[in-house]
Structures are given as C-alpha cells and as structure tokens.
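Only one structure is covered here, and it is reproduced in the block below.
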Amino acid sequence: MTNPDIRDLTRQELAGALIALGEKGTRADRLYTCLYRKGAADFAALDGIPRELSEKLAARYSLRPLPAAEKLISKTDGTIKLLFRFPDGAPAESVVLFNKKTVSACISSQSGCACGCTFCATGALGFRRDLKPSEIVAQLAACRRAAGKLDSVVFMGMGEPFLNWANVKKSILILSDNKGCNFPQTKITVSTVGVVPVIRELAGSHLEIKLAISLITAGEKRAELAPMDKKYPLKDVIEAARYYCTKTGKAVFFEYILFDGVNDGAQDAAKLLELIKGVPCKLNLILYNPLPGGTALPPGRVEKAKEFQKLIMAGGLRAHLRREKGTDISAACGQLAAAAQGGSGPAL
Ligand code: SF4
C-alpha cells in the first residue's frame, strides 16, 4: 500500500502530524511554503527542512510530481482544456476561461460522476472515484500555469462537489492557506446540483466561498434531467438555499440551463420566477449547446434566450445570459468527458 500524499493534509493536520513525530508543529509553515510556493515534488527538495525530518516524512508520506496534463486550446475563443490522468488511470478535466478582464478556472471534484444528469457527458461516464485534495489543488496549479494568472475558481467540472465534500473542503483550506497558495476563499465558487444536507452544513461553516446551485430547470422536467431531484426535490433545495442566505447574509447563485424547446418558453420563465421568489440570488442563464463539439447554435437560439432573459428581468430579477465557451474542444458545461472517451458531446 502506498503512503498517503503529504499534500492531502491541511496545514493544521500537518502540524499535528509533525507533533506526533516529535517535531515542532510550527515547521508546517515552512513545509507549506516549500510544497505550494516552491512546488517541491520530492522530499529531498524541501528547502530549509532538516534532512532527518525529510526522512521521517518520506517514511510515512508520498510526494512525487503529479501527472502533467494534456492541453487543448479552443480555436474560437482561446478556452484551454486540461486533461489529467492520475496514476491509477482515473481521468479528470479542468477548463481555463478567459473573460473580458479576468481569468477563471473550472475544476473537477470527482473522476466521473454518479449523478447521471441526462444532458451531461460526465454523467454518462458514470462514477470512477473521488478526487483527493492534492489532485484538486494540482488542477488549480496547472490552470494557473497555463493561463499565467487566475482570478477565480469554480467547482463546476467533473463531479458533484458536495458528494466529495470532505476532500473538496480540505482542498479549499489548502488553496486558501496564507502559507501556501493563498488563493482567496471569496474567489472560489462551489456548484451543486442540490445536495441539501451539505448546503445546510456550509451555511453554518466559516468558509467564505460562494455557493452556486444548479437548478437546471424549474418544473417537473427536472427529475428527468437530474435524477438527484428524486432524493432532494427542488422545493427542499430552495428551502436550503433560503436557509443558507439567512444564515450567511450572502446571496446564492442559481444556474438555469436553457434547453431549446424544453424549458425556454414564457411559462417556464414564470415558473422559474415563482420558484426563487424572495431568495437573495443572482441568476445565470446558460445557453446550452447540444451539438457535440459544434460551435454554431441553431438559428434563433440566442434571440430566444434573450427573450427569456427579458421575461425574467421584467419579473424583477437580474439575469446574466452566459454563452458557453470552448464548445469546439468539448469544454463547455456538461461536455467534460474527453479524457475518458476521446471526446464526447452531451446526451440530450
Ligand atoms: S451535471 Fe454535474 S452533477 Fe450532473 S452528472 Fe454532470 S457533473 Fe454530475
């Protein structure tokens, strides 16, 4: 059995491990700097750490370079997709998105996904395994290297983050540690399809991250599109969102996916407005492109989406219409499966 990766430990856990080894817990600060600022990937390369301690750590933990990612770049908008394959063969993907002034990374929390959303290529893959904190943090580091800078991170890649919450939470603590990556929690968004108990847990935590809830759609069609709805029905998800907003004083982000002819009519807009009435929120409308690897939307789709947006705005809610990026490299919402399948489009 291989030793656990030392990069799966938060600094607090590392301090505890050092004390258990008869060392000073404060040495964790220096170790964190070596691991995350200098990118040490070998116990012998821990600058400023006595050899005796490096050897003790090497006997209990592993530390080796994480796999390099294969890189795809969109010809249409510059979006970068990174394909990782971890040593056990588990695939994961990250996407770097270039906005007008900022750069954001969309990272994966699991290899594959057990949720089975019918429109999602990751869902069609099934579940391989949870990603470890070190594997999640490695994605951010690779995205930052690929883009040259990173302003925000969203957990919207492969997997349902709240079904791997222990590891995702640890990765957030590691990413935001001021002795390591020092990435602000306020620039991290975690998106869930609606795991109610974790939404409630997050509301009571001290984490400063943002919460996004993927409504997908507002009516009874949701259970068809997202089987998770059977376990956590939309009304319970909205109630949990309300609780989160009250408890934290923050707004929640709702994501609504516009499927052509499925949920983009006037009645659907009214249903959506009714559903989220009174919840402090920001609404993102995602124009879904069902063409595998395609870049062209069917005629009239954008206009129809703008009509939907107008109806929402007329109902008193601000809605941002988000056009998918990186569709030519299958990097858009719901398309992440290339590392496992050699490229695939959504199944809707
Ligand atoms: S949409 Fe998200 S939760 Fe649903 S199957 Fe895809 S990755 Fe999983």
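The values are calculated or read from the model by the stated rules, or taken from the named source; none is laboratory data. Quick caveat, the model's predicted, so the values are computed rather than measured. Heads up, the Cβs are rebuilt from the backbone with ideal geometry, glycines too, and the neighbour counts pull from every protein chain shown. Note: areas computed on protein heavy atoms with side chains; ligands, DNA, RNA excluded. Shrake-Rupley method; radii C 1.70, N 1.55, O 1.52, S 1.80 Å.
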Taking a probe of 1.4 Å and leaving out DNA, RNA and ligands, region 48-194 shows per residue an accessible area in Å² of 40
Extend 7 Å from the Cα of Glu239 along its Cα-to-C-beta direction; within region 188-204, residues with backbone N under 15 Å of that point are 195-201
Roughly how much of Thr33 is accessible, in Å² to the nearest 10, using a 1.4 Å probe? 30
Segment Ala114-Arg322, length gained on full extension (0.36 nm per residue, minus Cα span): 72.3 nm
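To the nearest 0.05, how large is the calculated FRET efficiency for Lys310 and Thr2 if R₀ is 51 Å and r is the Cβ-Cβ distance?
Values: r = 56 Å, r/R0 = 1.10.
After rounding, the FRET efficiency stands at 0.35.
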With axes computed from alpha carbons, what is the tilt in degrees of helix 266-275 against the longest principal axis of the chain, rounded to the nearest 10 within 0 to 90? 50
Working out 0.36 nm times the residue gap between Val302 and Lys24, then minus their Cα-Cα distance, what length gain in nm do you get to one decimal? 94.1 nm
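Return the subset of Lys187/Lys210; Lys100/Lys306; Lys101/Lys306; Lys282/Lys310; Lys221/Lys271; Lys170/Lys210 for which the Cα-Cα distance in this structure is over 18 Å, preserving the input order.
Table pairs above 18 Å Cα-Cα are Lys100/Lys306; Lys101/Lys306.
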Please give the helix 301-314 orientation as an angle from the longest Cα principal axis of the chain, in degrees from 0 to 90, rounded to the nearest 10. 90
Cα lying deepest toward the dipole's positive end in the chain, options Phe253, Pro298, Cys113, charges on Cβ: Phe253
Can you classify the chain as rounded, prolate or oblate using the Cα gyration tensor, where a ≥ b ≥ c are the square roots of its eigenvalues, rounded means a/c under 1.5, and otherwise it's prolate if a/b beats b/c and oblate if not? prolate
As I understand it, the dipole of the chain uses +1 on the Cβ of Lys and Arg and -1 on the Cβ of Asp and Glu, about the Cα centre. Which of Leu273, Phe183, Val262 lies farthest toward its positive end? Phe183
Of all beta bridges DSSP finds with both residues in the chain, what is the antiparallel percent, to the nearest 5? 40
For Asp42 and Arg145, what does the FRET efficiency come to when R0 = 25 Å and r is the distance between their Cβ atoms, rounded to the nearest 0.05? 0.85
Taking 0.36 nm per residue of separation and subtracting the Cα-Cα distance, what length does fully extending Glu70 through Ala251 add? 61.5 nm
Relative to the chain, whose Cα atoms define the longest principal axis, helix 165-176 and its Cα axis are tilted in degrees, nearest 10, by 70
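Out of the total accessible area of the chain (probe 1.4 Å, heavy atoms of protein only), what percent is carbon and sulfur? Walk me through the numbers before you get to the answer.
Numbers: 8190 of 15400 Å².
Whole-percent figure for carbon plus sulfur exposure: 53.
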Roughly how big is the chain's charge dipole about its Cα centre, with Cβ charges of +1 (Lys, Arg) and -1 (Asp, Glu), in debye to the nearest 20? 800
